Amino acid sequence: TGFFVNASSTVAANLRVDGRATTTGAFSAAGVLYVQSDTGNVGIGTTGPGTLLEVAGADSTVPQIKVSKAGNTAALIGSGSSGTGAESGIVQLYDDSSNLDVQIWASGVSYLNGGNVGIGTTGPLSKLDVSGTMRVSGNATSSGWFNIGTTDVVGTLFGTIGAGDLFVGDDATITDHF
């Protein structure tokens, strides 16, 4: 037993499928959801998805993919307007209280709030922990002290080192004049 719909059939009411539904052609639901039969690509808001999943919004909507749990937003991936009318890619990550902590925006403000950031390390010990060579092209400004070497400055000079101080540890190598 079963229900058969041919190419010229139209279901003008709700259609519920309990179990498995199969199609030999492309599948479209109200022009919003589309599955290409030859590639398996899924389109939301487009009938011509060029990748495994493509989400497209109309001019008046912002295309986004939202990940949430128990009503709290965990992540948004989509496009955002920089105020100039141009759209660009944006990724936003939220903490468990739905506070925006990470934003990476191709043409806007990007930031990381909460936690430490590691480059070349999976266990950063400070706000920015770089393991490897670091290059600054331009000015580097510090309102605190600056340590060259691996000497524990706080433990060694506790109370005598302050804002604006430069400490060169005894394990640092100076290869040019100061």
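The values are calculated or read from the model by the stated rules, or taken from the named source; none is laboratory data. Note that this is a predicted model, so its numbers are computed, not measured. When we count neighbours, we look across all protein chains shown, and the Cβ atoms used for this are built from the backbone with ideal geometry, even at glycine. Surface accessibility is based on the protein's heavy atoms, side chains included, excluding ligands, DNA and RNA. Shrake-Rupley method; radii C 1.70, N 1.55, O 1.52, S 1.80 Å.
Within this structure, LEU93 passes the test of being open to solvent by 50 Å² or more (accessible area, probe 1.4 Å) and outside any loop (DSSP other than H, G, I, E, B). Restricted to the stretch 120-144, and to residues there that are in contact with a strand residue (DSSP E or B) (Cβ under 6 Å, 6 or more places away or on another chain) and within 22 Å of LEU100 (Cβ to Cβ), the residue that is most open to solvent (accessible area, probe 1.4 Å) is LEU128. Among the residues of the stretch 124-154, how many are assigned to a strand (DSSP E or B) and modelled with pLDDT of 85 or more? Summing the residues that are assigned to a strand (DSSP E or B) and modelled with pLDDT of 85 or more in the stretch 124-154 gives 3.
Only residues that are surrounded by 11 or more Cβ atoms within 10 Å (Cβ to Cβ) and either touching a residue at least 40 places away in the same chain (Cβ under 8 Å) or part of a loop (DSSP other than H, G, I, E, B) (or both) were counted in the stretch 100-112, giving 4. Would you call LEU76 at pLDDT 80 or above, exposed (fewer than 11 other Cβ atoms within 10 Å of the Cβ), among the hydrophobic types (A, V, I, L, M, F, W, C) and out of contact with any Asp or Glu (no Cβ under 6 Å at 6 or more places or on another chain)? The answer is no for LEU76. Looking only at residues in the stretch 50-69 that are modelled with pLDDT of 85 or more and small (Gly, Ala, Ser), the one that is surrounded by the fewest Cβ atoms within 10 Å (Cβ to Cβ) is GLY50.
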